[in-house]
Structure formats: structure tokens, C-alpha cells
Amino acid sequence: MFNLNQHKLLIASHNEGKINEFRELLKLLMIDISSSKELKLPEPIEDGNTFEENALIKAKSASNLSNLISLSDDSGIEIDALNGQPGIYSARWAGPNRDFNLAMREVIKLLDDKKVPVSDRTARFVCALCLFYPSGEYHFFVGKVEGLVVWPPRGKYGFGYDAIFKPLNMNKTFGEITSDEKHSWAPSKVGLSHRAKAFAKLVSYLSQRKK
Ligand code: IMP
């Protein structure tokens, strides 16, 4: 039967923060990993309407160009009081310079303009993984973590919107905890972060598939 350990896995991403998280989450599987960034593959246009559609666009493009099994992630933060924005546009809100201070200020400005009470600033991070095989077969694994948007930004860890996201039942933002705490992940656990939860589903799928 197919065994991923005998293959190279291509991380279909150019985002250094994400690639590092993928490496950490996958280190337990001890598989040979490369990334679209390392292989200098062009970035496809992400014109899907959902996290899953965008994940598929990235994984399919990387696999077609490299002939490797590829794994992509499309993720973002959905803020309820902003009708789910920025959602699939989370990276784009940071502008061409990927300035997340700008994006976080925009989020707070919109929430303040709408006079949304602090306790109603509910949000979730969503991660859709897509595993794409050169044969054309693909699978999705989705993870979510619920929380609150807080201000001002807190913490020195993480990336993107981590400093303004406080998961439910925690007093710290994702920016105030290490990546090990953020994922709280091991093959037998479900994980804390959206990405760790999606990875737990991926690993469970891969271990079934090996049998
Ligand atoms: P994309 O999936 O590359 O389109 O980008 C998703 C964007 O969502 C990232 O650039 C971040 O801004 C945001 N995002 C996704 N996951 C996280 C996370 O774990 N922490 C903070 N921001 C995140």
C-alpha cells in the first residue's frame, strides 16, 4: 500500500511562517519535506471562494509543476461581527508588504466603528489542508479554533493575526504562547490551533491509508 514515508512531500506555500509551522507539525512523521518557496515554483492565483477551493488551487498547482505529493494550507481569521471578514482575504488585508500591523489595525478600526462590545468580538481561525497526489486524487482536512479578538496586540510569538487572537478558555493570545503551546499537538491529541487540528485529521487519515 502507499506509504508517504517513502516519498518527498512538497509544502505548497511561499509563506515562511507557515512553512515553519508545517515543518514542526510534520516532524513526528519524519518525512522528507521541501517547499514551493525552496523550489522557486510560481505562486498560483488564489481566486477560489472558500478556504478549501484556495487550498486545492495551491496544492494542485504545486503537484502538477513538481510531480510530487503536495500539501497546502489555506487559512485565515473569520470575525463574526464583520460577517466573517477578512476570511479568505486575511493575507490580502496586510497589503503588498504583508504588513500585519496594518491588517490588525484595520480589524480593530472596523470593530470600533461598528461599536462592537469587547465581549462580542468573537472570531475563529480556520485551516483547510489539501493533500494532492500526482494522480489527481485529493483530500481536505479542516480545523477551527474559536476565540475573541482583543486589543492592543499582545506577545512576541507567531505571525499574522496571532497577537490579537485569544482562544476561548485561555488568558493569553496566540502571540503570547510558544508554537508548541499553540499547537499542543501529538499524534494522539486533537491540538489547540486550527492548523494542529487539521493536521491531527491528516495524520489520522495517513495512518489509516498505510494499513
Ligand atoms: P493564506 O492561507 O496564505 O492565504 O494566508 C492566510 C493568512 O491568514 C495568513 O497570512 C495570516 O495572516 C492569517 N493566518 C492564518 N493562520 C494564522 C495563524 O495561525 N496565526 C495568525 N494568522 C494566521
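Against the chain, whose longest principal axis is taken from its Cα atoms, helix 100-113 shows a tilt of about 40°.
Of all beta bridges DSSP finds with both residues in the chain, what is the antiparallel percent, to the nearest 5? Show your work: numbers first, answer last.
Values: 25 of 32 bridges.
DSSP beta bridges in the chain are roughly 80 percent antiparallel.
The label point for Leu110 and the one for Arg92, both projected 7 Å from the Cα toward the Cβ, are 1.2 nm apart. At 1.4 Å probe size, with the rest of the protein present, what percent of the exposed accessible area of the chain is carbon and sulfur atoms? Ligands and nucleic acids excluded, carbon and sulfur reach 52 percent. Name the residues of segment 97-112 whose amide N is less than 12 Å from a point 7 angstrom out from the Cα of Lys156 along the C-beta direction? Backbone N within reach: none found.
Provide the net charge surrounding Ile69, with neighbours chosen by a C-beta distance below 13 Å and charges set as Lys +1, Arg +1, Asp -1, Glu -1. Could the numbers behind the result be given before it?
Working: positive: Lys8, Lys60, Arg209; negative: Asp32, Glu137.
Cβ neighbours under 13 Å give a net charge of +1.
Angle between the Cα long axis of helix 16-26 and the longest principal axis of the chain, 0 to 90 degrees, nearest 10? Rounded to the nearest ten degrees, it is 60.
Remark: for residue pairs Lys60/Lys144; Lys58/Lys201; Lys8/Lys144; Lys115/Lys156, the C-alpha separation exceeds 21 Å in Lys60/Lys144; Lys8/Lys144; Lys115/Lys156. In the chain, the calculated helix contribution to ellipticity at 222 nm averages -9500 deg cm²/dmol per residue, counting -39,500 (n - 2.57) for every DSSP H run with n ≥ 4. Our coupling estimate for segment 166-176, obtained by passing each phi through the Karplus curve with A = 6.51, B = -1.76, C = 1.60 and θ = phi - 60°, is 10, x, 4, 6, 10, 9, 10, 7, 5, x, 9 Hz, Gly and Pro reported as x. What translational diffusion coefficient, to the nearest whole µm²/s, does segment 4-208 have by Stokes-Einstein, given a Kirkwood radius computed over alpha-carbon pairs, a temperature of 37 °C and 0.692 mPa s viscosity? My calculation gives 190 µm²/s for D. Here the relative contact order of segment 4-208, from alpha carbon pairs under 8 Å that lie six or more residues apart, stands at 16 percent. Under a cut-off of 22 Å between alpha-carbon atoms, report the lysines in cross-link reach of Lys114, not counting same-chain residues fewer than 8 places apart. Cross-link targets: Lys166.
Amide H contacts of Ile11 (H built 1.01 Å from N, in plane; Pro and chain starts excluded): Ser34, Ser35, Ser36, Leu71 sit under 5 Å, all sequence-distant by 5 or more or on other chains.
Relative to the longest principal axis of the Cα atoms of the chain, the long axis of helix 194-210 lies at roughly 20 degrees.
The values are calculated or read from the model by the stated rules, or taken from the named source; none is laboratory data. The model shown is predicted, which means the values in this text are computed figures rather than measured ones. Cβ coordinates were reconstructed from backbone atoms using ideal geometry, including for glycine residues, and neighbour counts include every protein chain displayed. Note: accessible area is taken over every heavy atom of the protein model, side chains too, but ligands, DNA and RNA are not part of it. Shrake-Rupley method; radii C 1.70, N 1.55, O 1.52, S 1.80 Å.
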